[in-house]
Amino acid sequence: MNAKNTDFGTFAQDVMLGLNSTPKTLPSKYFYDAKGDKLFQQIMALPEYYLTRKEYEILEGQHEQILAPILEQDQPFNLVELGAGDGMKTKILLRYLTQKRVEFTYYPVDFSGSVLEGLEDSLAKELPELAVNPIQDTYRDSLKKQIWEDGRPNLILFLGANLGNFGVEEAKNIIDHLRVGTKRGDLVLLGFDLKKNPQTILDAYHDEQGVTREFNMNLLDRINRELNADFDRDSFVHWPTYNPVSGECRSYLVSQKSQIVTIGALNQKFEFEAYESIFTEISKKYSLSEISQLASLGGFHVEENFTDSEGYFADVLWKK
Ligand code: AVI
């Protein structure tokens, strides 16, 4: 994923703020260190984690229709990807565009330098003729700076249900940055996991092999490692929940006993009552009507909603 933050000061500060809040919380962006990146790759291949496969199905089966509106503009354009990651799904679009000999520049944006390097290397091997201009930044800052803006039309990709990892107000704020960061005629393609059978959603965050549990626990390992703490990970349980009204899937780490955890780098002890929880991640599921409301908020109109055969996931195409 995307907005990772590995700066020691910021990490320490966010952990301090989160664990001093009531209820306790830790930001999910810190899942993604080298180990977390690997665990997320494993999650994407899990039988219960349908999201990646469903989005792949949409891009694989409908990329021609998805790309038609930008190609109809019949001029060189910029393909900007917020949270590029390993570019696995985007390569479907990149291959199609290069085969068609379309003139465009690919701007992958990611906060992780190592993720961008890996992506650049793999693209240099697979699509050597592609013009790539990587940008190491957060979603919001990149939209403020718009390094890609050169008067050409832009197609901005924000795939993988990444917007779902933000609370409602923050998601609206990102849409507002998209509003400011685009001009008339620009297109945006966003990935959303849709509301569905609650059990299907819960299973995706509570897989049988326990990889998602490890992913969640990695936050504690990371605090232990990087901030000299003594979290006893076995005394915490991974607990995902799903609220079908709000569409919010929330993950927690629940302390199974009363305990005191010391974080050396913060010079502070944190008390946990028995069954006190740490809120670690939100993965919001949307309805198509909620998504359309977001489009209006950003001053976009909905060109088309592309869904998979089961209606689990949507890649929605908006135009300014
Ligand atoms: C990156 N993001 C869209 C994933 C999700 O589904 O919210 C992260 C994840 N967390 C647990 N499993 C996967």
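The values are calculated or read from the model by the stated rules, or taken from the named source; none is laboratory data. The model shown is predicted, which means the values in this text are computed figures rather than measured ones. When we count neighbours, we look across all protein chains shown, and the Cβ atoms used for this are built from the backbone with ideal geometry, even at glycine. Ligands, DNA and RNA are excluded from the accessible area calculation, which covers all protein heavy atoms including side chains. Shrake-Rupley method; radii C 1.70, N 1.55, O 1.52, S 1.80 Å.
What the table shows:
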item	result
Acute angle (nearest 10 degrees) that the helix 90-99 long axis makes with the longest principal axis of the chain, alpha-carbon atoms	20 degrees
Burial ranking of peptide ranges 248-258, 216-226 (average Cβ count within 10 Å, highest at the top)	216-226, 248-258
For the stretch 129-228, accessible area per residue (1.4 Å probe, heavy atoms of protein chains only), Å²	40 Å²
Ile147 long-range amide H proximity, modeled H, under 5 Å	none
Extension gain, Gln146 back to Gln13 (0.36 nm per residue minus Cα-Cα distance, nm)	45.0 nm
The chain, accessible surface, carbon-and-sulfur percent (1.4 angstrom probe)	49 percent
Cα-projected label distance for Arg95 with Asp176, points at 7 Å along beta-carbon direction, nm	4.1 nm
Where only C-alpha atoms are counted, convex hull volume of the stretch 134-218 per residue in Å³	135 Å³
Computed label-point distance, nm, for sites Glu271 and Ser258 using a 7 Å Cα→Cβ extension	0.8 nm
Mean shadow area of the stretch 265-320, taken as a quarter of the surface of its Cα convex hull (nm²)	8.0 nm²
Förster-model FRET efficiency, 30 Å R0, Ser309 and Ser21, C-beta, rounded to 0.05	0.10
Of Gly247, Gly151, Gly298, the one that fluctuates the most in a GNM where the chain has Cα springs shorter than 10 Å	Gly151
